[in-house]
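Worksheet: one structure, shown below.
Values quoted throughout were computed directly from the atomic coordinates according to the rules given, and no laboratory measurement underlies them. Keep in mind that what you see is a predicted model, and the values were worked out from it rather than measured. A quick note on method: Cβ atoms are made from the backbone with ideal geometry, for glycine too, and the neighbour counts reach across all protein chains shown.
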Amino acid sequence: MKTIQLVDNLGISNLKIVEQTQPQPTKKQVLVKIEAVSLNYVDLLVVKGSLNPNLSLPYIPICDGAGIVETVGEEVTAFKTGDKVATTFIPDWINGKPTKQTTDYTTRQGLGNIPGQLSQYKCFSANQIISIPRNLTTIEASTLPIAGLTAWNALSYSNLKANDTVLLHGTGGVSIFALQFAKARGAKVIITSSSEEKLQKAKQLGADLVINYKEDTNWETTVYQMTQGKGVDVIVDTVGGRNLDRSLNALRMGGYISVVGLLDGFQANIDVLALMHQQATIRGLEVGGTHQFEAMNREIEAKDIHPVVDRIFPVEQTQEAFEYLDRGLHFGKVVITF
């Protein structure tokens, strides 16, 4: 079977095809034929060594994938042969509030301790996979585990209601999922991008108002003008860093910011006086648990929501797929198929 591994060193150019023997599941495992994997920014950090410069090689990357169950261990009752499944990113967070134990980084596939999904066949424990929405293909479902669930919870935690206004930064996977989920709830959406082409695509998906932040460097003021001087109710901040303070300036009094991204770095300076005056809630979140994944899947089925897949690369073009993501060319998600 084919796998893609970082073999000799870190970096996109070191992703190589490696043939391996097909694994066999234990009594408590499920063997899945992986059909598609999707790329997230964290995968780029892993491959480049930004997340862990001492990553033990060789290593199979990518956190998210989907496929079809081939074989089921005799002690597994949750799945059967032929089931279409996607991976779970935080497998021990089944329900309830997150804890240090249930969200342990060492349990997460694709981050360095456990191999990721760039493998034609892979064995999983039952908590590492979930049934996909019936209206989706495995290509579409491969985009759900991180980007989809992050967007879902970013809006759910904010108690977003119909007619609320949401500000979304950029047109990557999380923002486009948030656009779709917000419109499904009857909310109004403002979205930013430096690309006019991408902004037009966002409008076609239902975005109500768009801002080219490259041309409009005072986009916070524009947001206030667009909201009749009130500011937005909810912001999904996929950028982080210095952008967080600017998001705060675009928020209505008593509004809510979900911080879900690191594109502008790991550190942020907040104007505490503005935070107090705005009486804002800023919440960091990290994807979600299986119970929330199930709730999201029910909504996707009920409202027939389909993830936006920008480009599909064959596994032989894995390097090209990562380069495409790295250059920020994508609108929605980038997928690799076997």
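General remarks:
- Computed from backbone phi with θ = phi - 60° and the Karplus coefficients 6.51, -1.76 and 1.60, the 3J(HN,Hα) list for region 139-153 is 4, 5, 5, 5, 8, 7, x, 9, 5, x, 5, 4, 4, 4, 6 Hz; x is used for glycine and proline.
- By the count of other C-beta atoms within 10 Å, a proxy for reagent exposure, 1, 253, 296 are ordered fewest to most as 253, 1, 296.
- Qualifying trypsin sites (Lys or Arg not before Pro) in region 196-289, where qualification requires a DSSP coil assignment and no more than 16 other C-beta atoms within 10 Å, comprise 214, 230, 242.
- For region 158-284, dividing the convex hull volume of the Cα atoms by the residue count gives 93 Å³ per residue.
- Relative contact order for the chain, counting Cα pairs under 8 Å that sit 6 or more residues apart, in percent: 18 percent
- Qualifying GluC sites (Glu not before Pro) for region 165-270 [loop in DSSP, other Cβ within 10 Å: at most 14]: 215
- In a DSSP loop and with at most 11 other Cβ atoms within 10 Å, the trypsin sites (Lys or Arg not before Pro) in region 79-182 are 80, 100, 134, 161.
- When shorter helices are ignored and each DSSP H run of at least 4 residues is given -39500 (n - 2.57), the per-residue value for the chain at 222 nm works out to -7000 deg cm²/dmol.
- Cβ crowding within 10 Å ranks 223, 69 as 69, 223, fewest other Cβ atoms first.
- Packing-based exposure ordering (other Cβ within 10 Å, fewest first) of 77, 103, 221, 290: 77, 221, 103, 290
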